[in-house]
């Protein structure tokens, strides 16, 4: 097993870890089934997969502030939200939802991270200290 560490900047402070769930497509929290955390967006790269308990590595967000916040709120109230988010292209709507729901999240991670990370890798997010690591 090897560990690679990268610097990052925090959106929401916190420290946590979990298996990576990697999306190269924008994510809309409203298109996630609250009871299961399963992505129900037709033809999305994550369709049929649950983000519950994962470190979501997302390309970006999509949808209005109401849609993103409502969707994230519903999955968080059922405990099916990601434990952290690594956001490649932060946008105000996605970031606002993460801030309100206080989900540890980071951005501005070195590009090498995105070349290395794979679904299921153990990701540790230390947003407090600006460090993210991958174990694979």
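A compact table of results
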quantity: Efficiency of FRET from Cβ geometry, residue 66 and residue 118, R₀ 22 Å, rounded to 0.05; calculated: 0.10
quantity: Debye intensity ratio in log₁₀ form over the Cα atoms of region 3-135, taken at each q of 0.10, 0.19, 0.21, 0.22 Å⁻¹; calculated: -0.26, -1.00, -1.25, -1.38
quantity: Exposure proxy ranking, count of Cβ atoms within 10 Å, fewest first, for 126, 91; calculated: 91, 126
quantity: C-alpha long axis of helix 92-101 to longest principal axis of the chain, angle in °; calculated: 90 degrees
quantity: Which of 2, 17 has the fewest Cβ neighbours within 10 Å, and the rest in rising order; calculated: 2, 17
quantity: Estimated inter-spin distance, residue 43 and residue 100, nm [label 7 Å along Cα→Cβ]; calculated: 3.0 nm
quantity: Angle between the chain longest axis and helix 65-77 axis [Cα atoms, degrees, rounded to 10]; calculated: 80 degrees
quantity: The chain - percent relative contact order, Cα under 8 Å, separation 6 or more; calculated: 39 percent
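FYI, it's all coordinate maths here, none of it is from the lab. Everything quoted here is computed from the prediction, not taken from an experiment. Note: ideal-geometry Cβ built from the backbone for every residue, glycine included; neighbour counts use all protein chains shown.
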